[in-house]
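Undergrad: Please find one structure pasted underneath; my questions will follow.
The values are calculated or read from the model by the stated rules, or taken from the named source; none is laboratory data. From a predicted model like this one, the values you see are computed outputs, not experimental measurements. Heads up, the Cβs are rebuilt from the backbone with ideal geometry, glycines too, and the neighbour counts pull from every protein chain shown. Quick note on the areas: whole protein, heavy atoms, side chains included, nothing else; ligands and nucleic acids left out. Shrake-Rupley method; radii C 1.70, N 1.55, O 1.52, S 1.80 Å.
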Amino acid sequence: MNPAVAQSPIVSITQVTKDYTLGKVVVPALRGVDLQVHPGEFISIAGPSGSGKTTLLNLIGCVDTATGGVVRVAGQDTKQLSERQLTHLRLHTIGFIFQSFNLVSVLDVFQNVEFPLLLQRKLDKAQRRERVMQLLEQVGLAHHAKHRPNELSGGQRQRVAVARALVTRPQLVLADEPTANLDSVTGQNIIDLMKELNQKEGTTFIFSTHDAKVMNHANAVVRLADGKILDRLTPAEATRAMAAGAEAH
Amino acid sequence: MGHFRLLMQVAFRNLFSSKINLLIGGIIFFGTLLVVVGGALLDSMDDAMSRSIIGSVAGHIQVYSDESKDKLSLYGDWTGEPDLTVLDDFSRVKPVLEKHPNVKTVVPMGTSGALITSGNTVDLTLARLRDLYKQRAEKGETPELRENIDSVKSHVRQMVALMEEQKAKSRELLSDAAVDPQEAEALARARTDAFWDSFEEDPFDSLEFLENRIAPQLPDGDLLDLRYVGTDLDAFQRTFDRMEIVDGQPVPTGKRGMLLSEFYYENFLKLKSALRLDNIKQERDVNKKRIADDPQLQRWVKENQTQTREILFQLDPIKTRLATERLQKALGSQEPSLEKLLSAFFTTTDENFDERYQRFYADLAPLLELYRLRMGDTITITAFTRSGYVQSVNMKVYGTYQFNGLEKSAMAGLINLMDLMSFRDLYGYLSADKKAEIAELQQASGLKDVARADAEESLFGADSGNTLVADATPGLIDDSKSFEGGMGALRREDLAARVYSQEEIEKGVALNAAVILKDPTKLDQTMRELTQAGKDAGLKLRVVSWQTAAGFLGQFVTMAKMVLYFAVFIIFVVALVIINNAMMMATLQRVREVGTMRAIGAQRSFILSMVLVETVVLGLVFGAGGMLLGSGIMSALNSSGIPAGNEALYFFFSGPRLHPTLSVGNLVAALVIVLVVSAISTLYPAFLATRVSPLQAMQTDE
């Protein structure tokens, strides 16, 4: 890996605020956040509901823009990009894993994974097939390629989603509560899978969670509360801090 | 390419995934079916009807005077015959038209109508009796003549008896005030033996009494409307090859005469009881109706039971006896009254109808005159001429004709044909004969022609005294002289025998002319060129297509098509609204899916084409289904044919069955409509779908 690239952060957030308008009331979701994420990192964003985890991920994922401050993804200031360019950036740079899997129900497993490649229009049919099968292999669903999502269990579906997020070889994968809809063992497996891919492919992962067991797998835990970053800890520190917080309650 | 494949995959997978799609598909399916079947049926009908119109009287093009007040309407319009200005001299028009390379033939025509009366049975019988007495007066009595006279006399006597019976019956219904005592008295006198015993003393006096006092009491002799086309009969038959003589013979070349349409002959001149039997048989055999449950058939049966007078009056005593015997045998009855026997005989049910029908034609028909007119008879046609006076022409009926395939059509069947010379007489324009006749009369009376401009001077000028016009003595008109003239009466006698040359037929007025083309596809062009040719020749001609010339009838299918397309339009507008709503719902249901695609990196254009492709695929799949079923129905109809259930349909079907065909045009029309409708109805939902934010992918199920 090029050290120069490794040096510059893939995500750089400075003094970012985000306000939502609910009727006439302005609700601040983020109130000045600074965050740097470097390539190859496996970062967990932790915090109670309403702390701004999803908002932060949306800003990083280019599906939303900040009210104030600068969000740079892969070196580009998202505020300066048009809607088309943002879509383009998402397609080529970012992979998404959703809490509710969000597979296209009418397509089978193979087609779901192939979907982003078709949008990219970079690979021919054989190359796509090879890429898709390789990923399905990695997530252990090669034999389920022809199944429809509704024929799979939740864990299997999320693994398809992981494969879909990684099939374009994005620099960055965002996962918003990827394990929230899964039981703890399956959730564990998904995190293991993500970690494995992080180590093998060097893909940067940012995922939100409020589950301490999940956090333990991260390189770093960014704690968020009331729209602000509390601190950036190691998983062990974070677990202790959260335990303390819980006692304080 | 992969892009499109993905779109198609998503579209096809989505096709049956939601009930809404099935609803939309269903609407498209039936809409397409309607467009295909309805369109093909109407096209086929249009085609068949154009064959009917072109092949009967219209030809491809009709030409008439441009100075006409009304438009030419060959089948009449709501207000009766159109007011047309005549083409003064057809012989000048014909060569102009025939010069055009695409014109095959030109047939002169004129359409008009008159009332004819079929005559009062008593009147007719009395006339026969009077003839016999005249013969006796001229040639003396022979045994044969005596026998004839006695037979007709007893027939008349029987009629009087029947009239009295009927009077007695109607008296039960009417108050005394409604009974004319003089009528009753006359009838009573005619019933007495004394009257008949003294009949021979002064037969003409007795006849006069019967003619003046008895015959008018019989409300017979209904007026019949007779529509006729005066034409060059030979050219007509050559031109309209669907025409064929059914009964009798064609009018000999150049002679005056008439061909009745077989339909008219059957439906208006046939004995009504027989016609009703025919109609019942037709409905039973062709339309599978039953007397037991069809009110129309029951009415005919009822009418046959009660309206037996027409038969009773026809039969003289000998035939009455024969008929009575035959019916008694047929019915196994001892009833002596023929009226009651007939009533019983005509009490037909589904069980005995066929037997009675067969028996009627085998036993009764030979005793009856089934038609009021026989081939070779002469009828008097009385018409109001254009200038308002009444003109009568005696016409020999040579035969009946029909247009092949249009036998049962009232539209084509109400057209009777006559020679052009007689038509001109009835229409009030002077034929060469008439002109000569009038000139002769003028000469005889010492009149001379005065130009209109000079009339005043002639009348009131210096020497006006010598040229004063008619010097008639009121009240002393001898009609044989002043109206016929010695020579005129003779001429009228020979008119029927005279043979006219082609030149005479063509030199004179016609109202319109039918033009047959060699290549009918060049109709519009030929019409334009003929209009120009008319102008160049200094003739004021109006050139119209058969469709225009057929008046409302020509527009009928166009109207039906408009109704169909309006219905289709409404259906598809409804479909548009429903599809639009359904697609909105479908889009809302798929907000997360669309949001996910957007988040993953699908551009708005992708979402737009995805929704559009989906509806178009939906439209194509169900539309193709509709087309397939439609084609199946059409091919089934094509091989089985649609029976023409009633007389009007014969004309529209151009025959007893319509074998409709499906054209590529019908399918293309259906395809285009389906595509346009499904695309339009999806535009807004598709637009909405593109507005779905990728943020919506993040929302959780709850």
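Undergrad: Taking θ = phi - 60°, what integer Hz values does the Karplus form 6.51 cos²θ - 1.76 cosθ + 1.60 yield along the stretch B:309-317, in sequence order, with x for Gly and Pro?
TA: With coefficients 6.51, -1.76 and 1.60, one gets 4, 4, 6, 4, 5, 6, 8, 7, x Hz.
Undergrad: Measuring from centroid to centroid over Cα atoms, what is the spacing of the stretch A:190-237 and the stretch A:13-85 in Å?
TA: Going from one Cα centre to the other spans 17 Å.
Undergrad: Shape call for the stretch B:292-345 from the C-alpha gyration tensor, a ≥ b ≥ c root eigenvalues: rounded (a/c under 1.5), prolate (a/b greater than b/c) or oblate? Before the final figure, lay out each step's value.
TA: Values: a/c = 3.33, a/b = 1.69, b/c = 1.97.
The shape class here is oblate.
Undergrad: For the stretch A:121-127, just list the computed ³J(HN,Hα) in residue order, Karplus coefficients 6.51, -1.76 and 1.60, θ = phi - 60°, integers in Hz, with x standing in for Gly and Pro.
TA: Ordered by residue, 3J(HN,Hα) equals 6, 9, 9, 7, 4, 5, 5 Hz.
Undergrad: Ok, one more. Cβ neighbours within 10 Å, averaged per peptide: list B:364-370, A:76-82, B:86-92 in order, most packed at the top.
TA: So the peptides B:364-370, A:76-82, B:86-92, ranked by packing, come out B:86-92, B:364-370, A:76-82.
Undergrad: For Cα pairs less than 8 Å apart in space and 6+ apart in sequence, what is the mean separation divided by the residue count of chain B, i.e. the relative contact order in percent?
TA: 30
Undergrad: Count the DSSP beta bridges whose two residues both fall in the protein assembly as shown, then state the antiparallel fraction as a percent rounded to the nearest 5.
TA: Of the beta bridges lying entirely in the protein assembly as shown, close to 70 percent run antiparallel.
Undergrad: Give, rounded to the nearest 20 debye, the magnitude of the charge dipole that the stretch B:124-208 has about its Cα centre when Lys and Arg contribute +1 at Cβ and Asp and Glu contribute -1 at Cβ. Could the numbers behind the result be given before it?
TA: Working: 13 positive and 20 negative charges, 63 e Å.
Charge dipole of the stretch B:124-208: 300 debye, to the nearest 20.
Undergrad: Enter the accessible area per residue of the stretch B:1-58 (Å², integer; probe 1.4 Å; all protein chains in place).
TA: Numbers: 2180 Å² over 58 residues.
Roughly 38 Å² per residue, with all protein chains present.
Undergrad: Taking beta carbons within 10 Å but only from partner chains, what does the mean come to for residues A:101-111?
TA: Mean inter-chain Cβ contacts per residue within 10 Å come to 5.
Undergrad: Then there is this: What are the residues of the stretch B:600-625 that lose 40 Å² or more of accessible area, with a 1.4 Å probe, going from their chain alone to all protein chains?
TA: B:Ile600, B:Gly601, B:Gln603
Undergrad: Using a probe radius of 1.4 Å on heavy atoms only, what accessible surface per residue do you get for the stretch A:157-207? Whole Å² is fine.
TA: 33
Undergrad: When only C-alpha pairs under 8 Å and at least 6 residues apart count, what is the relative contact order of the stretch B:509-637, in percent?
TA: 8
Undergrad: Summed for both chains, how many Å² of accessible area, to the nearest 100, are buried between B and A with a 1.4 Å probe? Could you put the intermediate results ahead of the total?
TA: Working: alone 35960 and 12240 Å², together 45470 Å².
Separately minus together, B and A give about 2700 Å² buried.
Undergrad: Relative to the isolated chain, which residues of the stretch B:663-702 have their accessible area cut by 50 Å² or more in the presence of all protein chains (1.4 Å probe, heavy atoms, no ligands or nucleic acids)?
TA: Buried on complex formation: B:Leu695, B:Met698.
Undergrad: Is the C-alpha gyration tensor of chain B telling us rounded, prolate or oblate? Criteria: a/c under 1.5 is rounded; beyond that, a/b larger than b/c is prolate, otherwise oblate.
TA: In terms of gyration-tensor shape, oblate.
Undergrad: On a 19 Å Cα-Cα criterion, which of the cross-link pairs B:Lys167/B:Lys272; B:Lys518/B:Lys561; B:Lys255/B:Lys396 come out too long?
TA: Too far apart for the 19 Å limit: B:Lys167/B:Lys272; B:Lys518/B:Lys561.
Undergrad: Continuing with the same structure: Counting only residues 5 or more places away or on other chains, whose amide H sits under 5 Å from the amide H of B:Lys255 once H atoms are built in the peptide plane?
TA: B:Tyr500
Undergrad: Against the longest alpha carbon principal axis of chain A, how many degrees, from 0 to 90 and to the nearest 10, is the axis of helix A:154-166 turned?
TA: Tilt relative to chain A: about 90 degrees.
Undergrad: Under 5 Å between amide hydrogens, which residues at least 5 positions from B:Leu271 or on another chain qualify, with H placed 1.01 Å from N in the peptide plane?
TA: B:Tyr371, B:Arg372
Undergrad: Across the residues of A:112-122, average count of Cβ atoms on other protein chains within 10 Å?
TA: 4
Undergrad: I'm checking a number: the convex hull volume of the Cα atoms of the stretch A:106-249, normalised per residue, in Å³. What is it?
TA: Hull volume over Cα atoms, normalised by residue count, gives 133 Å³.
Undergrad: Relative to the first principal axis of the alpha-carbon coordinates of chain B, what is the inclination of helix B:121-139, with its axis defined by its Cα atoms, in degrees from 0 to 90 and to the nearest 10?
TA: Approximately 30 degrees, to the nearest ten.
Undergrad: A further question on this structure: Expressed as a whole percentage, what fraction of the accessible surface of the protein assembly as shown belongs to carbon and sulfur atoms when a 1.4 Å probe is rolled over the protein heavy atoms?
TA: 55
Undergrad: At 1.4 Å probe radius, can you tell me the per residue accessible area of the stretch B:262-304 in Å²?
TA: 46
Undergrad: Over the stretch B:75-170, consider all pairs of different Cα atoms and compute the Kirkwood hydrodynamic radius from their mean reciprocal separation; express it in Å, one decimal. Don't skip to the end; give the middle numbers.
TA: Working: mean 1/r = 0.0516 Å⁻¹.
Every distinct Cα pair counted, the radius reaches 19.4 Å.
Undergrad: Magnitude of the Cβ-charge dipole of the protein assembly as shown, K/R +1 and D/E -1, about the Cα centre, nearest 20 debye?
TA: Working: 102 positive and 114 negative charges, 1324 e Å.
Its charge dipole is roughly 6360 debye.
Undergrad: May I ask you to evaluate 6.51 cos²θ - 1.76 cosθ + 1.60, the Karplus curve with θ = phi - 60°, for each residue of the stretch B:561-569 and list the ³J(HN,Hα) values in order in whole Hz, giving x for glycine and proline?
TA: Ordered by residue, 3J(HN,Hα) equals 5, 4, 4, 4, 5, 5, 4, 4, 4 Hz.
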